[in-house]
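Provided herewith is a single structure, encoded as structure tokens, for subsequent inquiry.
The values are calculated or read from the model by the stated rules, or taken from the named source; none is laboratory data. No experiment lies behind these values; they were computed from the predicted model shown. Neighbour counts are summed over all protein chains in view; Cβ atoms, including those assigned to glycine, are modelled from backbone coordinates with ideal geometry.
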Amino acid sequence: MYALINCRLYTGYEQLNNYAILIDEDKIGKICKQDALPANIDIVDVNNAVVAPGFIDLQVNGCGGVQFNETVDALSIETLEQMQTTNLRSGCTSFLPTLITSSDEFMEKAVAVMRDYLQIHKNQALGLHLEGPYINSEKKGIHDEKFIRPPSQKMINFLSDNADVIKIITLAPEKVADHYIHQLAEAGIKVSVGHSNGNYEDCCRGFKAGITMGTHLFNAMPYIAGRAPGIVGAIYDTPAVYAGIIADGEHVHFANIRNSHKIKQDHLILITDAMLLAGSNLASTQFGGKTIYHKAGRCVDANGTLAGSALTMIKAVENSVKQVGIELDEVLRMATLYPAKAIGMDNVLGTLNEGKVANLVIFNDDFTVIQTVVNGVMSQKLN
């Protein structure tokens, strides 16, 4: 048991000064005035740093030189552990490893690895995000077209039977029958529209069937053009649908993020869509069967097609404050509470409340992450 003092606490609901947060094993034990702390407790002085819930990233293909893709060997517990270690440097304490369009064999292997990982690691990698393969080849982005295919009842049954380790599946509603979407949603998987070339009506029909999310808003989907609202317009028009957005200024103009927040409010979520070049010193890598280059902050193939990002969660937070103009307390919710709600984990993560899991980020005014706390365990100084 120990307490953090001299911190600016952002609980997810309010900002508290001159308060302490007491960590009791892997949970938040108490939030109280500093002078009300129990006697003889270990104290950690964070020197007026921000203390907030740990960031939750719902879309991480890879980082730190590793990728949860490409080869069966890469689909491993060791890969997830390296991704977690890298994420912590940017304040991300929980994430969804994301498998892009791949074979049934890879999907089955990813599910098995995720299940094994969850048995030994809690509240870190939270479950899978399957981005494809039931998408529209016209909006494939970097995805390998040879693996894009319609769903089979056998695989939909498999995914539904493993809903306890699959948090999100991204698909194109115009390519997937409503009864498949309904089955996945009924099983407990959050279905997200993405890599779709459908129209407003396709998307709204998908919402009725069980879609509750949108994947990387504005990217790999039709946006508002003339009189046609497109997928973006359908997401805007449906308040209950959450939408992830990549706040790097490359995938989405900062003005579009600002206007999207005005419309979606507490249903807009910061994601990175990071790939293995993020948090590494590598200049290029293989991804989706192509060579991907890291140039001027962008991850692109030889044709200039965006291939994920090198964004980190703390940089997404900083950009959203400085470039988009959203207040810090709201931006922190976009990186913590809202993603936790989107995947139904806000009962354990996403805010600082007594009894919740002690996953925290500590950073200073220049958005440098100093330390993290994961399951109550405080890291060494990170920067």
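Are there any helices (runs of 4 or more DSSP H) wholly within the range 188-264 with 3 or more residues that are of a type outside the set (Phe, Trp, Tyr) and closer than 30 Å to residue 278 by Cα, and if so which?
230-236, 254-264
While we're looking at this one, here's another question. Does the range 127-146 hold any residues that are surrounded by 20 or more Cβ atoms within 10 Å (Cβ to Cβ) and assigned to a helix (DSSP H, G or I), and which are they?
Selection gives nothing.
Need pairs with beta-carbon distance below 7 Å; first residue within 14 Å of residue 359 (Cα to Cα) and modelled with pLDDT of 95 or more and within the range 21-48, second of a type in the set (S, T, N, Q) and surrounded by 15 or more Cβ atoms within 10 Å (Cβ to Cβ); sequence gap 6+ or separate chains.
From residues that are within 14 Å of residue 359 (Cα to Cα) and modelled with pLDDT of 95 or more, the pairs are 26/375; 28/353.
Let me ask something additional. Could you check, for the range 24-35, whether at least one of its residues is touching a strand residue (DSSP E or B) at 6+ places or on another chain (Cβ under 6 Å), among the hydrophobic types (A, V, I, L, M, F, W, C) and buried (at least 20 other Cβ atoms within 10 Å of the Cβ)?
No - not one qualifying residue is present in the range 24-35.
Follow-up. Residue 355 passes all but one of (1) within 21 Å of residue 44 (Cβ to Cβ); (2) among the small types (Gly, Ala, Ser); (3) buried (at least 21 other Cβ atoms within 10 Å of the Cβ); which number fails?
Failing condition for residue 355: (3).
Can I ask one more? Quick one: is residue 301 acidic (Asp, Glu) and either at pLDDT 95 or above or at positive phi (or both)?
The answer is no for residue 301.
Now, a different point. From the list 277, 328, which one is in contact (Cβ under 8 Å) with a residue 24 or more places away in the chain, more than 30 Å from residue 11 (Cα to Cα) and of a type in the set (A, V, I, L, M)?
277
Let me ask something else about it. Does residue 114 qualify as being part of a helix (DSSP H, G or I), within 29 Å of residue 318 (Cα to Cα) and in contact (Cβ under 8 Å) with a residue 24 or more places away in the chain?
Numbers: part of a helix (DSSP H, G or I): yes; within 29 Å of residue 318 (Cα to Cα): no; in contact (Cβ under 8 Å) with a residue 24 or more places away in the chain: yes.
Judged against the criteria, residue 114 is not a match.
Residues in the range 50-59: is at least one within 23 Å of the chain's Cα centre (by Cα) and either at pLDDT below 95 or of a type in the set (Lys, Arg) (or both)?
no
Oh, and also: Scan the range 142-168 residue by residue and report those that are touching a strand residue (DSSP E or B) at 6+ places or on another chain (Cβ under 7 Å) and not hydrophobic (A, V, I, L, M, F, W, C). It would help to see each step written out before you state the result.
Let us first name the residues in the range 142-168 that are touching a strand residue (DSSP E or B) at 6+ places or on another chain (Cβ under 7 Å), namely 142-143, 159, 165-168.
Scanning the range 142-168 gives 143, 167.
Additional query: Any residue in the range 284-295 that is charged (D, E, K, R) sitting within a Cβ distance under 8 Å of a residue that is surrounded by 13 or more Cβ atoms within 10 Å (Cβ to Cβ) and not in a strand (DSSP E or B)? List the pairs, counting only those 6 or more apart or interchain.
290/142; 290/301; 290/307
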